[in-house]
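Remarks on the structure that follows.
Taken together, the values in this text are just the output of simple stated rules run on the coordinates, not laboratory data. Since the structure is predicted, the reported quantities are computational estimates derived from the model, not experimental observations. Virtual Cβ from ideal backbone geometry, glycine too; neighbours counted across all protein chains shown.
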Amino acid sequence: MRELLQTLGLQATNPGAATGGTEGWLDTRGEELVSVSPIDGRPIAAVRMATADDYEAVMTMARTGFERWRMIPAPQRGKIIGEIGCALLQRKESLARLITMESGKIIEEGRGEIQEMIDVADFALGLSRQLYGLTMPSERPHHRMYEQWHPLGIVGVISSFNFPAAVWSWNAFIAAVCGDAILWKPSSKTPLTAIAVQRILDPILDRHDLRGVFNLVIGSGREVGERMTADRRLPLISATGSCDMGRRIGQQVAARLGRSLLELGGNNAIIVGADADLDLALEAAVFSAIGTAGQRCTSARRLIVHHSRKEIFLSRLKDVYSRITIGHPLDGSVTMGPLIDATAVTAMMDALDRARRNGGRILYGGKKRTIQGLENGFYVEPAIVEAPRDLPVMMEETFAPIVYVVEYDRLADALALNNAASEGLSSALITDSLRAAEEFLSARGTDCGIANVNGGTIGAEIGGAFGGEKDTGGGRESGSDAWKAYMRRQTVTINWGPALRKAQGIRFDVGARPDHTAR
Ligand code: NAD
């Protein structure tokens with residue numbers, strides 16, 4: 001472990017606040033934060049959290065960074081993000097291993113997370129030549145009207161533990177190419193990954209004399225997070241996490257009339273149609289339900305299966321579950337690692353208890369699991385629960401590998417079940433019927449931000465705008481035109497004629513000109 005940390009530039013003592021640039025690390029004086037590996041419950045390393053003074057010092061550097069960065073042409077900014085993408089590619093394996101050690105996700109998913117960052121960097125590089133504004137025909141003679149986009153300022157990014165680095169990149173690379181500086185507060189459960197990422201950026205920022213463009217503050221949500229949400233110098237707070245966190249942050253940022261971009265919880269369903277290809281349905285369901293040990297915002301938590309296929313589907317699902325290997329997530333043959341901590345294990349056990357007490361039948365798994373040699377890790381068996389349609393706990397996001405199975409008769413019924421969740425993030429339908437697929441995608445179909453046909457709920461590509469409706473918060477990040485959230489729009493009108501023409505043909509002649517006829 002020590003060797004891995006050293007490879008990534010993490011020395012024995014690491015401060016909790018940094019402004020982009022090797023010399024920019026601040027000697028933070030806050031309390032110690034210990035990063036514990038969920039794999040074996042052992043501490044990996046300790047960092048010091050940022051104090052109020054550290055925060056101020058970082059903000060000062062971020063302001064300096066922003067003032068320089070915003071005047072660099074966007075295509076040049078794009079090239080620097082491209083360099084960061086290359087540096088991530090070079091460190092892909094070690095960074096993936098650190099993510100696995102700190103978050104517990106299997107190494108293949110750790111690699112996928114870094115690949116996602118590299119992909120976003122590529123996207124941002126291309127985007128840097130496409131931050132287009134529209135030109136509109138003016139109603140007045142000798143007038144030109146168009147819109148242009150300017151950077152917002154310093155963007156605050158608050159991220160969750162389950163994607164300790166990729167969530168930051170969805171925001172940071174796009175915001176940076178737009179000309180913003182970034183202040184990142186990672187989850188207190190995964191500070192080492194954030195420091196390692198900052199260490200990869202540092203030499204690139206130094207080379208271009210761009211200290212202060214990417215900045216990091218380590219600290220709790222209550223301390224550093226709330227300082228950020230109250231800080232008027234951060235015109236946009238992009239926050240990823242639970243709905244409870246989003247409700248609080250959304251209100252605090254709105255109270256100062258700031259902008260927030262919220263990427264919150266999900267309670268996602270896969271509908272398995274009467275005509276579904278069952279092999280495909282099983283693959284989609286299992287990957288979506290147990291990928292990242294059920295700790296993705298897009299994890300499938302509900303399988304809504306046509307009654308004619310339920311029996312065969314459940315029997316095959318149990319069979320596939322019995323072949324899932326649970327264990328050390330660095331072992332390439334393991335398909336499911338641990339949950340993040342003891343609280344997550346307790347939340348899973350409580351949810352299963354509530355399911356049992358309200359008519360749910362645990363068809364598979366759902367127990368704590370002890371792995372030899374990793375006795376203090378947080379391992380569980382994934383659970384399949386046959387659920388009545390009105391099971392209350394099924395309508396909550398339990399961040400664990402529990403999947404509830406309910407049956408349906410008509411597609412309209414399945415869609416109503418899908419849309420009954422208070423969150424609206426991801427959804428999927430497995431079908432060979434064109435009509436069913438189009439119904440699912442129609443205005444009266446799924447109400448989620450992500451709708452997949454013949455795929456699972458997890459594993460979005462970076463090229464689309466990612467996010468969800470209702471309690472998921474309404475934010476959109478990463479691809480498509482999500483960049484607009486990180487910029488301010490300016491509508492420009494240039495009058496190149498000799499007269500002051502008024503819109504809507506208004507006559508307002510106050511006799512300012514010797515010749516009163518010109519309007
Ligand atoms: P969390 O809500 O516990 O914490 C998320 C982040 O918010 C952390 O950095 C935390 O320190 C910070 N925070 C908490 N309270 C805060 C406050 N009052 N002010 C400012 N910051 C505060 O979430 P988590 O357990 O790290 O992550 C799991 C949750 O994140 C799940 O609900 C999951 O669905 C959601 N998630 C959503 C997306 C998405 O894109 N929609 C992606 C990943 C995770």
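List of remarks:
- Counting neighbouring Cβ atoms within 10 Å and putting the fewest first, the residues Thr298, Thr325 line up as Thr325, Thr298.
- Here r is the Cβ-Cβ distance between Leu257 and Ser322 and R0 is 45 Å; the resulting FRET efficiency, rounded to 0.05, is 0.25.
- Put the Cα centre of the stretch 176-206 next to the Cα centre of the stretch 306-384 and the gap is 34 Å.
- Using the average count of surrounding beta-carbon atoms within 10 Å as a protection proxy, the listed peptides 218-225, 81-88, 244-251 rank, highest first, as 218-225, 81-88, 244-251.
- Of all DSSP beta bridges in the stretch 268-464, antiparallel share, percent nearest 5: 20
- Degrees, to the nearest 10: 74-90 long Cα axis against longest axis of the chain: 30
- Between 0 and 90 degrees, the angle of helix 107-127 with respect to the longest Cα principal axis of the chain falls at about 20 degrees.
- DSSP-defined beta bridges in the chain - what % are antiparallel, rounded to 5: 40
- Rounded to the nearest 10 degrees, the angle from helix 92-103 to the longest Cα principal axis of the chain is 60 degrees.
- Value at 222 nm in deg cm²/dmol, rounded to 500, when DSSP H runs of n ≥ 4 in the chain each add -39,500 (n - 2.57): -11000 deg cm²/dmol
- Mean Cα-pair separation over length for the stretch 268-464, i.e. relative contact order, pairs under 8 Å, 6 or more apart, %: 30
- Sequence-distant contacts, meaning Cα pairs under 8 Å at least 6 residues apart, place the relative contact order of the chain at 17 percent.
- Sequence-distant lysines (8 or more away, or on other chains) whose Cα lies within less than 17 Å of Lys367: Lys318
- In the chain the longest region clear of chymotrypsin sites (Phe, Trp or Tyr not before Pro) that are loop-assigned by DSSP and have at most 15 other C-beta atoms within 10 Å covers 133-495.
- Nonlocal amide H pairs with Ser138, under 5 Å, H built at 1.01 Å: Met145
- Relative contact order [Cα under 8 Å, 6+ residues apart], the stretch 49-114, whole percent: 22
- Pairwise label distance in nanometres, Arg247 with Ala443, each label 7 Å out on the Cα-Cβ vector: 3.1
- The amide H of Val380, built 1.01 Å from its N in the peptide plane, has Leu339, Arg369 as neighbours under 5 Å, considering only residues 5 or more places off or on other chains.
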